[in-house]
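S.K.: Take this structure first; my questions come after.
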Amino acid sequence: PNLVAVEPDRRGLAAGARWRTSSHQATLFRRADSEDTLLVVAADPGSHLTFEFVRARMRAELTLTRSDPDRTRAELRVSGPLLLGFSRGLARDALTRLHNLVQTAATV
């Protein structure tokens, strides 16, 4: 949430890759203008991605499954030390942003 820039690792989505992220908005877990490292824990391109935000100690698991020839179901689980009930909202917002991004790319 609230990321404004992502600098990918040269290894891409390979396990062990470290991406740099930047945020300009303060959240419960980050101060304004902060950076974090996104660590790719596991990746199976096109079907599964597990990553962690190291400083925020937040872990996310994205699973993609084909439901129809032109449809993909995305499921996102988010966990962290202080998330409690907030993880559903974070996952829902992230999936909405992913959907909007994919829909924008579909029209290009």
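The values are calculated or read from the model by the stated rules, or taken from the named source; none is laboratory data. What you see is a predicted model; the values in this text were computed from it and never measured. Side chains included, ligands, DNA and RNA excluded: accessible areas come from the protein's heavy atoms. Shrake-Rupley method; radii C 1.70, N 1.55, O 1.52, S 1.80 Å.
S.K.: Please compute the length gained on full extension between residue 70 and residue 18, using 0.36 nm multiplied by the number of residues separating them and subtracting their Cα-Cα distance.
M.R.: Numbers: separation 52, 0.36 × 52 = 18.72 nm, distance 3.16 nm.
Length difference between fully extended and current span is 15.6 nm.
S.K.: Now, a different point. How would 36, 44 line up by accessible area, probe 1.4 Å, largest first?
M.R.: 44, 36
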